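Just so it is clear, none of the values below were taken in a lab; they were calculated from the coordinates. All values reported here derive from a predicted model rather than from experimental measurement. Every residue, glycine as well, gets a Cβ built from its backbone with ideal geometry; the counts of neighbours run over all protein chains shown.
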Amino acid sequence: MSYIIELLYHYWVGGPEPRRWPEHLKQNPVEGHGQYAFQAGLLLGLQLGAEAFFRGGNTGE
């Protein structure tokens with residue numbers, strides 16, 4: 001894995017934190033952290049996409 005990907009992962013996702021997992025996944029740390037990491041990545045991607053699309057006054061009209 002590239003160095004920048006590792007830095008971004010640890011900055012945005014970090015280590016396992018059970019308090020961030022859904023209640024039904026508290027007993028399954030691999031799936032709980034995986035789901036949280038997926039959610040964090042999806043939200044980051046949506047934010048980056050929205051910023052790129054609406055930058056410079058582009059309102060989509």
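For the stretch 1-56, the set of residues classified as of a type in the set (Phe, Trp, Tyr), part of a helix (DSSP H, G or I) and surrounded by 10 or more Cβ atoms within 10 Å (Cβ to Cβ) consists of Tyr9, Trp12, Tyr36, Phe38, Phe53, Phe54, listed by residue number.
Name the pairs whose Cβ atoms lie under 6 Å apart, with the first residue in the stretch 8-19 and touching a residue at least 24 places away in the same chain (Cβ under 8 Å) and of a type outside the set (Ser, Thr, Tyr), the second surrounded by 13 or more Cβ atoms within 10 Å (Cβ to Cβ) and in a loop (DSSP other than H, G, I, E, B), and 6 or more positions between them or separate chains? As it stands, the answer is none, since no pair meets every condition given.
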